[in-house]
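Please read the structure below before turning to the comments.
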Amino acid sequence: ILKANYLKWIDRLDDAIAELDSGVARAKQANDSVNVRDLLYYKANIVYELRRDYREVASHVKEALAYSPDTTSPDLAGMFYFLAINLGLVGDDSCTYYYEKSIAMAEANKDTAYLCHYMRNYASNLMRSEKVEKSNALIRRVWELMPVYREKMAVTHAILVENFLYLRQLDSAAYYLDMLWALFYVVGIFGIMLALNWKLALWIMLIVPGL
């Protein structure tokens, strides 16, 4: 892994991947399932970082999990979450299973920070899938567990705005949009532009009820 990391650092991606593949082959020959898992997972992270080929990443993570001696171990929460993220990015509905598995594992670990991080991203995925009620429930749970998300993390407000616009519950959308607007200094100019777009969408919906 150290050599592969160095090759990645000097921008020799193909050589880094080849080094990891060589390590995987040796580990398989030695029946060292833990090293096979770890090398494949590291390879998945390199591909994610430098290629953004989400299907390939998901394939490597699935293979890594297949070599894990115990896939019920809460220590694998991050691996299941990483798989969920990449499956979600290619529109694979099986990401739901892996999001929920990673959340259950983080909860078992009593790791509130990771638990909230996983739930927030799962809520975002559900928003894109138009499963907005469950998305809203997850954001509210995140706020309950870690109030800092409500106080400073504008992305959670943005998810609620999108969800309530989808539900055409305009008063609720406006309420969370106002909260987001108050946090505009956190999200910067991009966040301001999003907020302005949502304000325009709200205004159009209000003056054209049948839209």
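At a glance:
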{"read-out": "In the range 132-151, the residues that are open to solvent by 100 Å² or more (accessible area, probe 1.4 Å) and either more than 18 Å from Ala173 (Cα to Cα) or not in a helix (DSSP H, G or I) (or both)", "value": "Glu144"}
{"read-out": "Scope the range 53-78; condition within 22 Å of Ser22 (Cα to Cα) and under 14 Å from the mean Cα position of the chain (by Cα); matching residues", "value": "Val57, Ala58"}
{"read-out": "Condition broken by Leu39, with the remaining ones in (1) touching a residue at least 40 places away in the same chain (Cβ under 8 Å); (2) crowded, with 20+ Cβ neighbours inside 10 Å satisfied", "value": "(1)"}
{"read-out": "Residues of the range 112-131 that turn out to be of a type in the set (Gly, Ala, Ser) and crowded, with 21+ Cβ neighbours inside 10 Å, as a count", "value": "1"}
{"read-out": "Filter result (open to solvent by 60 Å² or more (accessible area, probe 1.4 Å) and assigned to a helix (DSSP H, G or I)) within the range 55-111", "value": "Arg55, Ser59, Lys62, Glu63, Ala66, Asp75, Leu89, Tyr97, Glu100, Glu107, Ala108"}
{"read-out": "Long-range neighbours under 8 Å by Cβ, at least six apart or interchain, first residue aromatic (Phe, Trp, Tyr) within the range 110-124, second in a helix (DSSP H, G or I) and open to solvent by 60 Å² or more (accessible area, probe 1.4 Å)", "value": "Tyr122/Glu100"}
{"read-out": "Long-range neighbours under 6 Å by Cβ, at least six apart or interchain, first residue under 15 Å from Asp92 (Cα atoms) within the range 125-140, second assigned to a helix (DSSP H, G or I) and open to solvent by less than 10 Å² (accessible area, probe 1.4 Å)", "value": "Leu126/Ser135; Met127/Ser135; Met127/Ile159; Met127/Asn163"}
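The values are calculated or read from the model by the stated rules, or taken from the named source; none is laboratory data. Values in this document were obtained by computation on a predicted structure and should not be read as measured data. Methodologically, a virtual Cβ is constructed for each residue, glycine included, from the backbone with ideal geometry; neighbour enumeration extends over all protein chains shown. Calculation scope for accessible area: heavy atoms of the full protein, side chains included, ligands and nucleic acids excluded. Shrake-Rupley method; radii C 1.70, N 1.55, O 1.52, S 1.80 Å.
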